[in-house]
Amino acid sequence: FLETAAYFCMKPKMGEKEVSPHSFFSIWHEFSSDFKDFWKKENKLILQERVKEAEEVCRQKKGKSLYNIRPKHDSGIVS
């Protein structure tokens, strides 16, 4: 634990000799919860962009007809 706290340059609070796990993990909890919230928002935005792109591709494909419809010509006995 102390090596991890030293790696993140944590210094003990006033009146303490070492960094306590409570102080370290309280900061870490705030960071991780903020990161999770931003991660969810970013993923939601990316998903919305991909949905818009997929809808645009569908609209373009619907606009192009895969087959041609010709008008029916009268033929046979009726004509």
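The values are calculated or read from the model by the stated rules, or taken from the named source; none is laboratory data. The shown structure was predicted, so the numbers you read here are calculated from the model rather than taken from an experiment. Quick reminder, even Gly has a Cβ in these numbers, built from the backbone with ideal geometry, and neighbours come from all protein chains shown. Remember, those area values only see protein heavy atoms, side chains included, never the ligands or the DNA or RNA. Shrake-Rupley method; radii C 1.70, N 1.55, O 1.52, S 1.80 Å.
In table form, for the structure just shown:
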{"read-out": "Loop-exposed trypsin sites (Lys or Arg not before Pro) per DSSP, neighbour cap 11 Cβ within 10 angstrom, longest uninterrupted part of the chain", "value": "18-63"}
{"read-out": "Length gained when the stretch Glu18-Glu3 is fully extended (0.36 nm per residue, less Cα-Cα span)", "value": "4.3 nm"}
{"read-out": "Convex hull of the chain built on C-alpha atoms - directionally averaged projected area, nm²", "value": "10.1"}
{"read-out": "Loop sites in region 1-69: chymotrypsin sites (Phe, Trp or Tyr not before Pro), DSSP, at most 15 other Cβ within 10 Å", "value": "Phe1, Phe8, Tyr67"}
{"read-out": "Set of lysines near Lys44 by C-alpha distance (under 19 Å), chain-local residues within fewer than 8 positions excluded", "value": "Lys36, Lys52"}
{"read-out": "Additional length obtainable on full extension of the chain from Asp34 to Lys11, 0.36 nm per residue less Cα span", "value": "6.1 nm"}
{"read-out": "Apportionment of accessible area to carbon and sulfur, the chain, percent (1.4 Å)", "value": "59"}
{"read-out": "Sum of -39500 (n - 2.57) over DSSP H runs of 4+, divided by residues of the chain (222 nm, nearest 500)", "value": "-22000 deg cm²/dmol"}
{"read-out": "Of Cys9, His22, Val51, farthest towards positive along the dipole that unit charges on Lys, Arg, Asp, Glu beta carbons give the chain", "value": "Val51"}
{"read-out": "Accessible solvent surface per residue of the chain, calculated while the other protein chains remain in place, 1.4 angstrom probe, Å²", "value": "105"}
{"read-out": "Only Lys, Arg (+1) and Asp, Glu (-1) charged, at Cβ; the chain dipole about Cα centre in debye", "value": "660"}
